[in-house]
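Take a look at the structure set out below.
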Amino acid sequence: MSKRTLYYVIAGVLALGVYSYEYFLVVEEKAEIIELGNEVKNETNEFFLPTSTTGQIVHHEGYSLSYSEPHEQPEWVAYELKKAHLSNANFKRPYFEIDEAVKTGAAHWRNYKNSGYDRGHLCPAGDKQYNKTAYDETFLTSNISPQVHDFNSGIWNTLEQKVRYWASKYNGVFVVTGGVLKGHMKTIGTERVAVPNQFYKILIDNNSGKTKMIAFLLPHENSGKPLYDFVVSVDDVEALTGIDFFPELEDAIETKLEASSSYKDWSFK
DNA sequence: CTGTTAGTC
DNA sequence: GACTAACAG
């Protein structure tokens, strides 16, 4: 072996070493993030978290959220609803509390008092009845949005119950929910909490064979129409909100599923 | 299930 | 302000 060849070999080995080390660092960093997190992120479903347009993602035990300070509410909350989570414990409702994990300061519940609007859960308390801690955690003001009572207890409640039905039927679903924080919105309270004109809910099922999605976009008013009348494509919601919902999904699958507004794979029985 | 309000200390 | 009890869709 010539000296020149030897140099090339050494350079090659060094380059490979540096590359491997950097790769190791990236993996290490990712592992650390996962360790700091929670149940959601310990699962493969951590990769279903949407992007944040606000730069402030907060992780709780049972759900994650992206907080929008100007609107004093999350732009999305995301969590996996496992089949095993479904239960009918009848926990006593706690009081709403400010989420201390929101560094810019989450809204106070006082903004909602006498506003005429409900403190509408985005991650529903009804999805977290498998233990009291998880249940209480949904009563943070970083998880609520002002909702008209007839809407909240009406079609929105019906949709939430449908999600539980699907979680049971399809062995769990991953859920992303929020208000559409765009355009002109009324505000309530001294902190000017925005009242969304529309709410969305997006589901992905990766547990029962082939991956499937469904998205709903509901006007902020009650309706007697069937839920499937409000099905849209994930692309539609992304265009409205600016959020990229399943960035970690394989591109080919993501592109195809997110463009579809078909609900044939979801049972509305 | 989804919630609020009145009355009390 | 925190808490219970009662009530409503």
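Quick notes on this one:
- Residue satisfying all of: in the stretch A:148-189; within 16 Å of DNA strand C (Cβ to nearest atom) and within 18 Å of the chain's Cα centre (by Cα); most open to solvent (accessible area, probe 1.4 Å) among these: A:GLN161
- Here A:SER87 passes the criteria (1) touching a Phe, Trp or Tyr at 6+ places or on another chain (Cβ under 7 Å); (2) surrounded by 18 or more Cβ atoms within 10 Å (Cβ to Cβ); (3) of a type in the set (Ser, Thr, Tyr) except the one numbered (2).
- Within the stretch A:181-194, residues that are touching a residue at least 12 places away in the same chain (Cβ under 8 Å) have Cβ atoms under 7 Å from residues that are basic (Lys, Arg) in these pairs: A:GLY189/A:ARG110, counting only partners at least 6 apart in sequence or on another chain.
- The set of residues in the stretch A:53-69 being assigned to a loop (DSSP other than H, G, I, E, B) and without any contact (Cβ under 8 Å) to a residue 60 or more places away in the chain consists of A:THR54, A:GLY55, A:GLN56.
- Filtered residues of the stretch A:206-233 (kept if free of Cβ contacts under 8 Å to residues at least 60 places away in the same chain and among the acidic types (Asp, Glu)): A:ASP229
- Flag for A:TYR263 being buried (at least 16 other Cβ atoms within 10 Å of the Cβ) and part of a strand (DSSP E or B): no
- Restricting attention to the stretch A:200-217, the residues that are open to solvent by less than 10 Å² (accessible area, probe 1.4 Å) and more than 13 Å from the chain's Cα centre (by Cα) add up to 3.
- Exactly one residue out of A:ASN90, A:ASN42, A:ASN38, A:ASN111 is in contact with a strand residue (DSSP E or B) (Cβ under 6 Å, 6 or more places away or on another chain) and either modelled with pLDDT under 95 or more than 24 Å from A:ASP136 (Cβ to Cβ) (or both), and it is A:ASN38.
- Hits in the stretch A:107-137 (condition: under 22 Å from A:TYR200 (Cα atoms), away from DNA strand B (no atom under 11 Å from the Cβ) and in contact with a helix residue (DSSP H, G or I) (Cβ under 7 Å, 6 or more places away or on another chain)): A:ALA107
- For the stretch A:101-120, a residue qualifies if it is within 15 Å of DNA strand C (Cβ to nearest atom) and exposed (fewer than 14 other Cβ atoms within 10 Å of the Cβ), and the qualifying residues are A:ARG110, A:LYS113, A:ASN114, A:GLY116.
- Members of the stretch A:121-143 found to be within 15 Å of DNA strand C (Cβ to nearest atom), under 21 Å from A:THR54 (Cα atoms) and not in a helix (DSSP H, G or I), listed by number: A:HIS121, A:LEU140
- A:ILE98, sole failed condition from (1) surrounded by fewer than 17 Cβ atoms within 10 Å (Cβ to Cβ); (2) of a type in the set (A, V, I, L, M); (3) near DNA strand B (Cβ under 7 Å from one of its atoms): (3)
- So A:ARG164, is it within 11 Å of DNA strand B (Cβ to nearest atom) and either in contact with a strand residue (DSSP E or B) (Cβ under 6 Å, 6 or more places away or on another chain) or of a type outside the set (Asp, Glu) (or both): yes
- Only a single criterion out of (1) assigned to a strand (DSSP E or B); (2) open to solvent by less than 40 Å² (accessible area, probe 1.4 Å); (3) within 23 Å of A:GLU221 (Cα to Cα) is not satisfied by A:GLU80, namely (3).
- Answer from A:PHE199, A:PHE216, A:PHE230 - the residue that is touching a Lys or Arg at 6+ places or on another chain (Cβ under 7 Å) and closer than 22 Å to A:ASP150 by Cβ: A:PHE216
- Any hit, the stretch A:53-62, residues being open to solvent by 50 Å² or more (accessible area, probe 1.4 Å), on the phi > 0 side of the Ramachandran plot and in the same structural domain as A:LEU203 (by TED's automatic domain parsing): yes
The values are calculated or read from the model by the stated rules, or taken from the named source; none is laboratory data. All values derive from a computational prediction rather than experimental measurement. Because the Cβ atoms are built from the backbone with ideal geometry, glycine has one as well, and the counts that use them run over all protein chains shown. Areas reflect the complete protein model, heavy atoms only, side chains present, ligands, DNA and RNA absent. Shrake-Rupley method; radii C 1.70, N 1.55, O 1.52, S 1.80 Å.
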